[in-house]
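What follows is a set of notes on a single structure, which appears directly below.
The values are calculated or read from the model by the stated rules, or taken from the named source; none is laboratory data. Owing to the predicted nature of the structure, the values given are computational and were not obtained by experimental measurement. Every residue, glycine among them, receives a Cβ derived from its backbone with ideal geometry; neighbour counts consider all protein chains shown. Keep in mind that these areas ignore ligands, DNA and RNA; they rest on the heavy atoms of the full protein, side chains included. Shrake-Rupley method; radii C 1.70, N 1.55, O 1.52, S 1.80 Å.
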Amino acid sequence: MKHTNSIVPPAVVVLISGRGSNLQALLSDPAHGSLYRVVAVVSNQSSAGGLQIAQDHGIAIRCVEHRQFADRSAFEAAMTLVIDEFSPQLVVLAGFMRILTAGFVQHYAGRLVNIHPSLLPAFPGLNTHERALQAGVALHGATVHFVTPELDHGPIIAQAAVLVRPQDNPQYLGERVLVREHQLLPACVAAFCQNALQVDGMRVRWLVSSPPVFIEEK
Ligand code: GRF
């Protein structure tokens, strides 16, 4: 009989609304991908490109279209049922474009993380690249953080920074931030799944290593 010394990596459910490039990064990260298991991808949009990525990897997909529910709490109740079917240790918001109620956030307290395309606390909300350029900041980037009921707020796990260049426009800046997002998210998910993160108020301590710092080369 074949002997396998298998420790099953923690189960992760990923929530998406769109193209799913961060999902793709989670699924193909060479350094961290073996430390977690994406068991399902859930979308509020049946047209989300990321669903095809999940399917191509043989991962379960579920669609819970928010438009089909009378209100936010009915939508979230359905989402919770679908997510909990997979008993995830971690739920990752990777481009999930719905505002979540405190009830949903509480249900996943301490095991719900989000990736946001700015160096929080600067520029919560939408159009972050445009707003960063308008504000004239020298550094922009992305943040992975634990989710709290306040939008794009919550203990910061790690950040990745890029330099704002004179010739940048929102699209070009956003593309360079996205390259860093794809490094940042797998590293943070892996750290969570290794029990390497300890939350102390708004601060997250990395127990086994220093937080990764992804800074763009000049
Ligand atoms: C990313 O920029 C992420 O930071 C934000 O939404 C975008 C999702 O992109 N929350 P993708 O669907 O992962 O390509």
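General remarks:
- Leading residue by the ranking (farthest from the ligand (Cβ to nearest atom)) among those in the stretch 6-46 that are touching a strand residue (DSSP E or B) at 6+ places or on another chain (Cβ under 8 Å) and part of a helix (DSSP H, G or I): LEU27
- Residue list for the stretch 87-99, filter: away from the ligand (no atom under 14 Å from the Cβ) and in a loop (DSSP other than H, G, I, E, B): SER87, PRO88, GLN89
- The stretch 56-71, residues that are in contact with a strand residue (DSSP E or B) (Cβ under 6 Å, 6 or more places away or on another chain), within 16 Å of the ligand (Cβ to nearest atom) and under 21 Å from GLY33 (Cβ atoms): ILE59, ILE61
- Scanning the stretch 140-158 finds no residues that are charged (D, E, K, R), more than 27 Å from PRO9 (Cα to Cα) and over 17 Å from the mean Cα position of the chain (by Cα).
- The stretch 18-49 - residue that is among the polar types (S, T, N, Q) and open to solvent by less than 20 Å² (accessible area, probe 1.4 Å) and, of those, farthest from PHE104 (Cα to Cα): ASN22
- The residue list HIS145, HIS153, HIS129 contains one member that is in contact (Cβ under 8 Å) with a residue 12 or more places away in the chain and under 30 Å from ILE7 (Cβ atoms), which is HIS145.
- Number of the condition not met by ASP84 [criteria: (1) within 14 Å of the ligand (Cβ to nearest atom); (2) surrounded by fewer than 18 Cβ atoms within 10 Å (Cβ to Cβ)]: (1)
- Filter pass, SER118 being in contact with a Ser or Thr (Cβ under 6 Å, 6 or more places away or on another chain) and free of Cβ contacts under 8 Å to residues at least 60 places away in the same chain: yes
- Filtered residues of the stretch 50-103 (kept if farther than 22 Å from VAL8 by Cβ and among the charged types (D, E, K, R)): ASP56, GLU65, ARG67, ASP71, ARG72, GLU76, ARG98
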